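Colleague: Let me give you the structure first, and then I'll get to my questions.
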Amino acid sequence: MNDATRKWGTLAIASVAVLLLSVDMTVLHLALPRLVEDLRPSATQLLWIADIYGFALAALLVTMGNLGDRIGRKRLLLIGTVAFGAASAVTAYAPSAELLIGARALLGVAGATIMPSTLSLIRNVFTDPRQRTTAVGIWSSVTAVGFALGPIVGGVLLDHFWWGSVFLINVPVVALILVGGAIVLPESRNPRPGRIDLVSVPLSAAGVLGLVYALKEAADGGVAQPTVLVSAVIGLVSIVVFVRRQTTLAEPLIDVRLFRRRAFSATVGAELVAIFAMLAMSVIFAQYFQLVLGWSPLVSGLAGMPGGLAGGVAGALCGVLVQRLGRGPVVALGLALTATGFFLFSRIGVDPDYPYMLVAMVIQGMGMGFAFGVTNDTLLASVPKERAGAAGAISETAHELGGALGIAVLGSVMNSSYRNSLELPGGLPPEAETGIRDTLAVALRTAASLPGDAGQAVSRAAKQAFVDATHVTVLTGAAILLVLAVATLFALRGVPKVIPEHEEPADEPAPDGGPVTARL
């Protein structure tokens, strides 16, 4: 097999792997109603079923990225893929909520091995900077398409099969990755890996997991909850101790000095804030399509697909734009387009106007495609290829933290605006009014139980309040993205269009006088 075939074959295998993860991240919410009916989990178990995958994934990304750099990225990817397939089968046929939670946790662990491995393999086989930018753009575009395909695949399967089918569909894709990966993928690893610091591993996991858990809980019940405060403190303290420890180790998990590089720190920050806005909006619009417009999950998935496809096209084209405009301007353009799409969403109403929404979705999707295609490549190119696995893990960790932060912050804006905008008719029972002010889903269920005109009035008022709250939230997101666009334009100023192969940074003395080898 010649080098060109192996390079593009590696991109194809990596793209299928990330497509698998992207689709899997979006199908659970569609399957939850039937899953609840079959397994009858408690409220606490239901929360763990929904969240344990993300918790395990976020907690182990940094560790798994470093592990791949040491034992081999191909080996880790194939091991993780086997584990993902096995966990998918167990999830599909789980007879109890407890076993389902365990299987979802294993899916998260396996996902943490796959995601950074795909990026690091691409970084190592595409040594030509222009080809690397194109390859990473294609990888990013496949991720966007996967998020768009997830609801459609899930909707089709749930229309014909049981809830476990949305997980069982992973198994043949896993087989394809294993066969293709064994034949095509080259092995690569850091030639001077060093040892993994066993104290840093739990510190990084506790730091990321503590913050993600605190943000998710804050989004559900507010920041004043004891669990939120305790989790946030554990997360922050663990991260501070972790960072201080990395500066004194000869072989750290993450070389924190990388964040002194403008290109590296700016792209991590841009990814975190961009995913902050995007994921929160995806959750809100899933509710808008299904609860306000009354569309089925399948129709809602089809309706949202053009945005993902537009993102896929933009990701594939970003390499060409970088050569013409530069990295900073393309990222800023992408964020500005995304903000424009958000602004257009502020004009939607209770009645469907899909052609208008289609324009907004395409603009927003293209913006995200441009932004993520360039930031992923810039981050990978900012570090030596020997550290590509850890760099990819940092990128994905930023995505997890940004997503949790977006749901917590913009979700809180949404919930507060909904309650403030809600104007209910008089004469409702106090217990009914409390539920109506909670969420739109509860309001519509309550409205269905009220007699005659009262139910219709509550339904109209709740839908209008949700739409009004959506306007406030998307305008808030647009403002954040515009500020980020300007900041990114300045932060990435001077970063070359073509970033050459990066050399290992020179060693610097540690604060205690000992050596600090520049490692990710």
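Colleague: What do you reckon, is Glu98 acidic (Asp, Glu) and touching a residue at least 24 places away in the same chain (Cβ under 8 Å)? Steps first, please.
Modeller: Working: acidic (Asp, Glu): yes; touching a residue at least 24 places away in the same chain (Cβ under 8 Å): yes.
Judged against the criteria, Glu98 is a match.
Colleague: Count, please, the residues in region 341-356 that happen to be assigned to a helix (DSSP H, G or I) and in contact (Cβ under 8 Å) with a residue 40 or more places away in the chain.
Modeller: Result for region 341-356: 4.
Colleague: Mind listing whichever residues of region 109-126 are more than 14 Å from Tyr53 (Cα to Cα) and among the aliphatic types (A, V, I, L, M)?
Modeller: Residues of region 109-126 that are more than 14 Å from Tyr53 (Cα to Cα), as a first pass: 116-126.
Hits for region 109-126 are Leu119, Leu121, Ile122, Val125.
Colleague: Where the second residue is of a type in the set (Val, Ile, Thr) and the first is part of a loop (DSSP other than H, G, I, E, B) and lies in region 428-444, which pairs have Cβ atoms under 9 Å and are six or more apart or on separate chains?
Modeller: Leu428/Ile436; Leu428/Thr446; Leu428/Val458
Colleague: Further, regarding this structure: For region 93-112, how many residues meet the condition of being more than 23 Å from the chain's Cα centre (by Cα) and of a type in the set (A, V, I, L, M)?
Modeller: Summing the residues that are more than 23 Å from the chain's Cα centre (by Cα) and of a type in the set (A, V, I, L, M) in region 93-112 gives 3.
Colleague: Could you please give the count of residues in region 86-141 that are over 30 Å from Thr378 (Cα atoms), open to solvent by less than 30 Å² (accessible area, probe 1.4 Å) and outside any helix (DSSP H, G or I)?
Modeller: Residues meeting the conditions: 1.
Colleague: Something else about it: Could you figure out which of (1) out of contact with any Phe, Trp or Tyr (no Cβ under 7 Å at 6 or more places or on another chain); (2) open to solvent by less than 10 Å² (accessible area, probe 1.4 Å) isn't true of Thr63?
Modeller: Result: Thr63 passes all but (2).
Colleague: Would you mention how many residues in region 230-264 are free of Cβ contacts under 8 Å to residues at least 60 places away in the same chain and polar (S, T, N, Q)? Don't jump to the end; show me each part of the working.
Modeller: Of region 230-264, the ones free of Cβ contacts under 8 Å to residues at least 60 places away in the same chain are 230-246, 256, 259-260.
Those still in the list that are polar (S, T, N, Q) too: 231, 238, 246.
Counting residues in region 230-264 that are free of Cβ contacts under 8 Å to residues at least 60 places away in the same chain and polar (S, T, N, Q) gives 3.
Colleague: If you don't mind, another one. Scan region 300-309 and tell me whether some residue there is modelled with pLDDT of 85 or more, buried (at least 23 other Cβ atoms within 10 Å of the Cβ), in contact with a helix residue (DSSP H, G or I) (Cβ under 6 Å, 6 or more places away or on another chain) and assigned to a helix (DSSP H, G or I).
Modeller: no
Colleague: Let me ask something else about it. Which of the residues belonging to region 150-167 are touching a Ser or Thr at 6+ places or on another chain (Cβ under 8 Å) and either open to solvent by 50 Å² or more (accessible area, probe 1.4 Å) or under 12 Å from Leu298 (Cα atoms) (or both)?
Modeller: Residues satisfying the conditions are Gly150, Pro151, Gly154, Gly155, Leu157, Leu158.
Colleague: So for region 235-248 (the condition being small (Gly, Ala, Ser), open to solvent by less than 60 Å² (accessible area, probe 1.4 Å) and in contact with a Phe, Trp or Tyr (Cβ under 9 Å, 6 or more places away or on another chain)), does at least one residue qualify?
Modeller: yes
Colleague: Would you check if there is a residue in region 254-265 being more than 30 Å from Ile138 (Cβ to Cβ), among the acidic types (Asp, Glu) and in contact with a Lys or Arg (Cβ under 7 Å, 6 or more places away or on another chain)?
Modeller: Looking through region 254-265, none of the residues is more than 30 Å from Ile138 (Cβ to Cβ), among the acidic types (Asp, Glu) and in contact with a Lys or Arg (Cβ under 7 Å, 6 or more places away or on another chain).
Colleague: Name the residue that is most open to solvent (accessible area, probe 1.4 Å), counting only residues in region 170-229 that are modelled with pLDDT under 75 and basic (Lys, Arg).
Modeller: Result: Arg192.
Colleague: Hey, can you tell me all the residues within region 359-371 that are in contact with a helix residue (DSSP H, G or I) (Cβ under 6 Å, 6 or more places away or on another chain) and either modelled with pLDDT under 70 or under 23 Å from Leu302 (Cβ atoms) (or both)?
Modeller: Listed by number, the residues that qualify are Ala360, Met361, Val362, Ile363, Gln364, Gly365, Met366, Gly367, Met368, Gly369.
The values are calculated or read from the model by the stated rules, or taken from the named source; none is laboratory data. Treat the numbers as computed from the prediction; the structure is a model and nothing was measured. Reconstructed Cβ throughout: ideal geometry from the backbone, glycine too, with neighbour counts over all protein chains shown. All accessible areas refer to the heavy atoms of the entire protein, side chains included, with ligands and DNA or RNA removed. Shrake-Rupley method; radii C 1.70, N 1.55, O 1.52, S 1.80 Å.
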